[in-house]
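Presented below is the structure to which this report refers.
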Amino acid sequence: MKINNKYFGEIEYAAEEKLCFPEGLFGFEEQKEFLPIPFEEGTDAMICLQSLRDEELSFVLLNPFLFFTDYNPGISEADRKAIGSPKDEDISYYVIGVFREQLGDSTVNLKAPIAVNARTRDARQIILEDSIYTFRHSLGELKKEGE
């Protein structure tokens with residue numbers, strides 16, 4: 001199968017590469033299937049999450065543990081069940097980034113990460129109860145904290 005992406009052009013992919021979001025993403029509930037495309041091969045540091053239904057819709061995801069080492073997104077039992085009840089080691093977490101011209105003005109959403117069952121590729125965007133996390137953490141601040 002093929003899809004066009006604004007960063008990479010035409011991408012060929014196999015059905016087993018897609019992520020399934022049975023409930024969609026917040027604000028995009030009708031979007032159920034996405035293709036994760038790493039910006040750099042062999043690493044999940046930064047990923048383009050491309051909608052398979054709308055070629056104009058994609059998100060930039062970051063692996064939060066690479067720049068915010070104390071990040072601890074405790075997943076509820078309901079959220080765990082929604083992605084197939086995986087073990088902790090089978091869950092990958094990503095956060096949505098909003099990038100500005102000045103990198104220091106860019107933000108990441110640590111409050112509502114995406115949890116992915118690495119075995120089944122079922123995913124869900126969750127809202128964490130922990131009040132330490134917000135919807136707009138500055139990348140400039142996180143770099144200082146994570147150094």
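Values quoted throughout were computed directly from the atomic coordinates according to the rules given, and no laboratory measurement underlies them. Note that this is a predicted model, so its numbers are computed, not measured. Every residue, glycine as well, gets a Cβ built from its backbone with ideal geometry; the counts of neighbours run over all protein chains shown.
What are the ³J(HN,Hα) values, in whole Hz, obtained from phi via the Karplus relation 6.51 cos²θ - 1.76 cosθ + 1.60 with θ = phi - 60°, for each residue of the stretch 67-78 in sequence order, with x given for Gly and Pro?
Ordered by residue, 3J(HN,Hα) equals 10, 9, 5, 8, 4, 9, x, x, 8, 6, 5, 5 Hz.
Which of LYS81, LYS111, LYS32 moves the most in a Gaussian network model of the chain with Cα springs under 10 Å?
Comparing LYS81, LYS111, LYS32 in the GNM, the peak value goes to LYS81.
Which of these, VAL108, VAL98, VAL116, has the largest mean-square fluctuation under a Gaussian network model of the chain (Cα springs below 10 Å)?
Among VAL108, VAL98, VAL116, the largest mean-square fluctuation in the Gaussian network model of the chain belongs to VAL98.
In the stretch 2-146, if the dipole is taken from +1 on Lys/Arg beta carbons and -1 on Asp/Glu beta carbons about the Cα centre, which of ALA123, LEU110, VAL60 is farthest to the positive end?
LEU110
Under the classification rounded if a/c is under 1.5, otherwise prolate if a/b is larger than b/c and oblate if not, where does the chain fall, given a ≥ b ≥ c as square roots of the Cα gyration tensor eigenvalues?
In terms of gyration-tensor shape, oblate.
Just report the Cα centroid separation between the stretch 1-57 and the stretch 76-147, whole Å.
The distance from the Cα centre of the stretch 1-57 to that of the stretch 76-147 comes to 17 Å.
Using the Karplus curve 6.51 cos²θ - 1.76 cosθ + 1.60 with θ = phi - 60°, work out ³J(HN,Hα) for each residue of the stretch 12-17 in order, rounded to whole Hz, and write x for Gly and Pro.
Once θ is set to phi - 60°, the couplings for the stretch 12-17 become 9, 8, 9, 4, 6, 7 Hz.
Under a GNM of the chain (C-alpha, springs under 10 Å), which listed residue has the highest mean-square fluctuation: GLU89, GLU17, GLU55?
Judging by the Gaussian network model, the answer is GLU89.
Name the residues whose placed amide hydrogens come within less than 5 Å of the amide hydrogen of ASN5, ignoring near sequence neighbours (fewer than 5 apart) on the same chain.
Under 5 Å from the amide H of ASN5 lie the amide H atoms of GLU10, ILE11, each far enough along the sequence or on another chain.
Could you give the size of the charge dipole of the stretch 2-146 about its Cα centre, using +1 on the Cβ of each K and R and -1 on the Cβ of each D and E, expressed in debye and rounded to the nearest 20?
Dipole of the stretch 2-146, to the nearest 20 debye: 140 debye.
Considering the dipole of the chain built from charges on the beta carbon (Lys and Arg +1, Asp and Glu -1) around the Cα centre, which of PRO38, ILE75, GLN50 is farthest to its positive end?
ILE75
Could you go through the stretch 43-57 in sequence order and give the Karplus-derived ³J(HN,Hα) for each residue, using 6.51 cos²θ - 1.76 cosθ + 1.60 with θ = phi - 60°, rounded to whole Hz, and x for Gly and Pro?
For the stretch 43-57, the Karplus curve yields 9, 9, 4, 9, 10, 8, 9, 9, 5, 8, 9, 9, 4, 7, 10 Hz.
Would you pull out the residues with amide H under 5 Å of CYS48's amide H, same chain only if 5 or more places away, H placed 1.01 Å from N?
ILE37, PHE39, LEU61
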